[in-house]
Each structure stands twice: as structure tokens, then as C-alpha cells.
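Throughout, read-outs are computed from the coordinates displayed, never taken from laboratory work. In this text, all values refer to a predicted model and were calculated from it rather than measured experimentally. Cβ: placed from backbone, ideal geometry, glycine included. Neighbour counts: every protein chain shown.
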Amino acid sequence: MKKTRERISDPRKRDLMAPLKAPHPWGTKRPSLEQNFYEAMDRPENDVVDLKTTPVKEVTETGIVTADGQLREFDLIALATGFDAVTGGMKNMGLRDIHGVDLRDRWSDGTYSHIGMACADFPNMFFRKSTPESFHRGGNS
């Protein structure tokens, strides 16, 4: 924590990314194997939002609206959805296609995708799907 805090000049970001009080016991979360992550996040054009105190209210066409009413505009939103090797938790996120059909319903009979990385009627939603068979071949599909 002390070494990480030395790398972050912005006090607000420092307190969010490297808090003085550990949010969980050491070893209960996967340790970061990053290089220059904190320096990149410390740059003035990057912001850090604590979603525990300022949760996401809505995802719009141009960005994310948080509970404080602020629209944070983005060109790209990347979601870290967990460690489910088949669907990555995507069925639990409430994603809806252009017709309003929930992804959970679309995939109720199985996960279907185009080239294993896109799903029809979900524009700009790209992913990489792994299957149990791909691990036996030594790679991901």
C-alpha cells in the first residue's frame, strides 16, 4: 500500500486506489500484476469513481450516468464481469438487445455468437467466449 500510494500524486485517486485501511484481508483477492497502471490512472484526463458511494444509475448512448446525476461520457466502456468461463456473468447484467430482449432469454437454450465474439442485435458488444472443450485443446475459442 505504501509503495503504491507513492506512485499516485492525486490525493483523491490515491485514497480510492490505495486506501490506508485494507478493504479486504491480504490474499483474499487476486493481486495486481500491473505495470504502470497507477501512473496511467493518475493522469489528469483519467478519473476514478467509487461505485460503492456513487453507483451507476444508467448507461446511455454516450456514457454512464451515476447516482449523483453526472453523465460521464465515453467512447468505450469495458466491463470486468468475473470468472465465469462460459458467459462471463454476462447473462446476469441485464443486457438487452435492440428489440428489448434480455440476453439471459436470448441464451436460455445455449450461448450463441458470431465467431465467438459478437451477438446479433447487440451492437458494439464484443466478447471472448471460452468453452470447456477449448481448455482441453490448450487454448480459448
- prompt: Out of residues 5 or more away from Gly63 or on other chains, whose amide H comes under 5 Å of its own, with H placed 1.01 Å from N in the peptide plane?
  reply: Phe74
query: Which whole-Hz ³J(HN,Hα) couplings does region 55-61 yield from phi under the Karplus relation 6.51 cos²θ - 1.76 cosθ + 1.60, θ = phi - 60°, glycine and proline marked x?
result: x, 5, 9, 7, 9, 10, 5
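May I ask you to compute the full-extension gain from Arg104 to Arg5, defined as 0.36 nm times their residue separation minus their alpha-carbon distance, rounded to one decimal in nm? List each step's numbers first, then the result.
Values: separation 99, 0.36 × 99 = 35.64 nm, distance 4.07 nm.
Length gained, Arg104 through Arg5: 31.6 nm.
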Percentage relative contact order, region 1-125, counting C-alpha pairs under 8 Å, at least six apart: 11
statement: Taking Ser113, Ser9, Ser32 and counting other beta carbon atoms within 10 angstrom, the fewest-first order is Ser32, Ser9, Ser113
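A 25 angstrom limit on the alpha carbon distance is what I want to check against. Which of Lys13/Lys91; Lys29/Lys91; Lys2/Lys57; Lys13/Lys57; Lys3/Lys29; Lys57/Lys91 exceed it? Please report the intermediate quantities before stating the final value.
Working: Lys13/Lys91 32 Å; Lys29/Lys91 23 Å; Lys2/Lys57 33 Å; Lys13/Lys57 22 Å; Lys3/Lys29 18 Å; Lys57/Lys91 19 Å.
Cα-Cα > 25 Å for Lys13/Lys91; Lys2/Lys57; rest within.
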- request: Going by C-beta contacts inside 10 Å, put Lys57, Lys52 in order with the fewest on the left.
  value: Lys52, Lys57
